[in-house]
Amino acid sequence: MNFIHNTKAIFKRELKAYFESPVAYVFLVVFLMLTAFLTFAVGRFYESGQADLRGFFLWHPWVYMILVPAAAMRLWAEERRSGTIELLLTLPVTLTEAILGKFLAAWAFLTLALILTFPVLLTTLYLGNPDIGVALAGYFGSFLLAGAYLSVGLLTSAMTRNQVISFVISVVVCLFLLLAGWPPVTDLLIRVTQDHTSLNWLVTGVASLSFMPHYESIQRGVIALRDLAYYASVIIFMLFATHLVLENRKAA
Amino acid sequence: MLEVKELHKQFGSIHAVNGVSFKVEQGEVLGFLGPNGAGKSTTMRMITGFLPPTSGTAVVNGHDVITAPIAAKNQIGYLPENAPVYSDMTVVNFLRFAAEIRGFSGSARLRCVDAAIEKAHLEKVRNQSISTLSKGYRQRTCFAQAILHDPPILIMDEPTDGLDPNQKHVVRAMIREMAPRKVIIISTHILEEVEAVCSRAIIIANGRIVANGTPAELKTRTDSHGTLEDVFRALTLGDEPLRKVS
């Protein structure tokens, strides 16, 4: 019971912290404007003549790549820089509760941003008859993707007291996880390793680390167990690594 | 009661704390003295469960900080060095958060936050954002957090650092007022503070305890039976020649 109580207390504080500074508002406005711009102007939503959300969700991996690390970089780096980590970790909470509380708060915040894109859904409903199931699956897939990016950002935030460093490393890791399964990158890897067929496992291994195939399969409306397991394992792995990093820090 | 047993902390090749052991009973105010970098903060961080010791442990009212960290943390109120606080929060919200983590809820939570605000003289700034407060108020906000659950053990790392003389006076008065009911440890390098509030002092240098006694006992340790400052210099400068400050 203590576990839930403490996680909830940290969750609430962390979620409030977003709104007690301008960060939340800047983030929400930029996220909504960017997704709308990419969907309607760049993606030519109206011209495509199709009442579905594919052209909307297509951009999420790229928008998240920049914005999720920005939302996550503060989580631990700021605690370390200001020394409040010493306060937090000498209160009667476990590290797991603190990590989970922060992670869930940031995820809830990202979910709020995602929910606020509802006018896009309303627009497609007005224009035609989109498959609601596919649209909801799209939202669910985007929600999971945000959680996966966030877990990477949480880890890089725990590794440094400098938010900019956390942001940059997190963007690079997310870019890698995004591109690893992208055909141009896998083609390159296949060409590099073509003389060494014994290395094929490496190419498929790297490719299967990627967010992309899992994201795309959920976007098609198929919620398969293996995709859920993929996201769950990425998130759990990253949270576990965060735990290790914080446990082994030398000082504040 | 607080018992520290053979604490060691090694950062790479640096032996920051090297076999520190002592006991503090209820009613005592223990002054932790030492030059900067002597290992005072590191020792306090190990007692409060922030840093894991390389070896050794501390037992807080029967709860071992290594094997029962949460039970031990429940017994402790801690004011870390430089009084870190969440500066985006208001004073009252910050204290409510601390109270919630400390297991208070409903009206008990409001009451203990109000009591802490009163004890730390924060009424004037209770709804102010911490980022707008002066150093003295931030210090007292963090102090309020440390005492709000009325902990039997209170550990304060340089509680009067950076305060003006009036604020120092207030903090010392608060420490003296609470002393009979608690185990209190304060670290400081202000020697007059030791004489003002501490019933016992430990001098620590290069990670080792070099003296442990009442301020009066410590003073007799130099030939010139001078001030506490002479003793401090004699014990912590090691082989470096002593220069008399006139």
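Quick notes on this one:
- Test: residue in segment B:99-121 that is part of a helix (DSSP H, G or I), free of Cβ contacts under 8 Å to residues at least 12 places away in the same chain and buried (at least 19 other Cβ atoms within 10 Å of the Cβ): yes
- Members of segment B:122-156 found to be assigned to a loop (DSSP other than H, G, I, E, B), open to solvent by 50 Å² or more (accessible area, probe 1.4 Å) and in contact with a Gly (Cβ under 7 Å, 6 or more places away or on another chain), listed by number: none
- Residues in segment B:28-40 that are closer than 15 Å to B:ALA205 by Cα and not small (Gly, Ala, Ser) were compared, and the one that is surrounded by the most Cβ atoms within 10 Å (Cβ to Cβ) is B:LEU33.
- Filtering segment A:216-238 to residues that are of a type in the set (A, V, I, L, M), surrounded by fewer than 17 Cβ atoms within 10 Å (Cβ to Cβ) and part of a helix (DSSP H, G or I) leaves A:LEU225, A:LEU228, A:ALA229, A:ALA232, A:ILE236.
- Segment A:126-162, residues that are touching a residue at least 24 places away in the same chain (Cβ under 8 Å), open to solvent by 50 Å² or more (accessible area, probe 1.4 Å) and either in contact with a Phe, Trp or Tyr (Cβ under 8 Å, 6 or more places away or on another chain) or not in a loop (DSSP other than H, G, I, E, B) (or both): A:LEU127, A:VAL134, A:PHE140, A:PHE143, A:MET159
- Of all residues in segment B:162-187, those that are within 21 Å of B:PRO80 (Cβ to Cβ) and open to solvent by less than 10 Å² (accessible area, probe 1.4 Å) have Cβ atoms under 6 Å from Cβ atoms of residues that are part of a helix (DSSP H, G or I) and not charged (D, E, K, R), 6 or more apart or on another chain, in B:ILE175/B:VAL197.
- Hits in segment B:81-98 - residues which are more than 7 Å from every other protein chain (Cβ to nearest Cβ) and free of Cβ contacts under 8 Å to residues at least 40 places away in the same chain: B:VAL92, B:ASN93, B:ARG96
- Residues that are assigned to a loop (DSSP other than H, G, I, E, B) and buried (at least 24 other Cβ atoms within 10 Å of the Cβ) were ranked within segment B:66-84; the one that is nearest to the chain's Cα centre (by Cα) is B:PRO80.
- In segment A:1-13, residue farthest from the chain's Cα centre (by Cα) [restricted to those that are open to solvent by less than 80 Å² (accessible area, probe 1.4 Å) and more than 10 Å from every other protein chain (Cβ to nearest Cβ)]: A:THR7
- Identity of the residue in segment B:85-98, over 19 Å from A:PRO22 (Cβ atoms) and either β-branched (Val, Ile, Thr) or not in a helix (DSSP H, G or I) (or both), that ends up nearest to the chain's Cα centre (by Cα): B:VAL85
- Any hit, segment A:30-49, residues being closer than 26 Å to B:ASP88 by Cα and either surrounded by fewer than 17 Cβ atoms within 10 Å (Cβ to Cβ) or in contact with a Pro (Cβ under 9 Å, 6 or more places away or on another chain) (or both): yes
- Of all residues in segment B:1-27, those that are touching a strand residue (DSSP E or B) at 6+ places or on another chain (Cβ under 6 Å) and either of a type outside the set (D, E, K, R) or not in a strand (DSSP E or B) (or both) total 13.
- Looking only at residues of segment B:41-56 that are among the polar types (S, T, N, Q) and open to solvent by less than 20 Å² (accessible area, probe 1.4 Å), we find that the one that is nearest to the other protein chains (Cβ to nearest Cβ) is B:THR48.
To keep it simple, each residue is scored yes or no on (1) of a type outside the set (A, V, I, L, M); (2) away from every other protein chain (no Cβ under 14 Å).
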residue: A:LYS16; (1), (2): yes, no
residue: A:TYR25; (1), (2): yes, no
residue: A:MET65; (1), (2): no, yes
residue: A:ALA105; (1), (2): no, no
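- Across segment A:50-79, the number of residues qualifying as farther than 13 Å from A:SER142 by Cβ and open to solvent by less than 10 Å² (accessible area, probe 1.4 Å) comes to 7.
- Meets criteria (assigned to a helix (DSSP H, G or I), over 22 Å from A:SER142 (Cα atoms), within 14 Å of chain B (Cβ to nearest Cβ) and of a type in the set (D, E, K, R)) for A:GLU47: no
The values are calculated or read from the model by the stated rules, or taken from the named source; none is laboratory data. From a predicted model like this one, the values you see are computed outputs, not experimental measurements. When we count neighbours, we look across all protein chains shown, and the Cβ atoms used for this are built from the backbone with ideal geometry, even at glycine. For the accessible areas, the whole protein counts, side chains as well, though only heavy atoms, and no ligand, DNA or RNA atoms are used. Shrake-Rupley method; radii C 1.70, N 1.55, O 1.52, S 1.80 Å.
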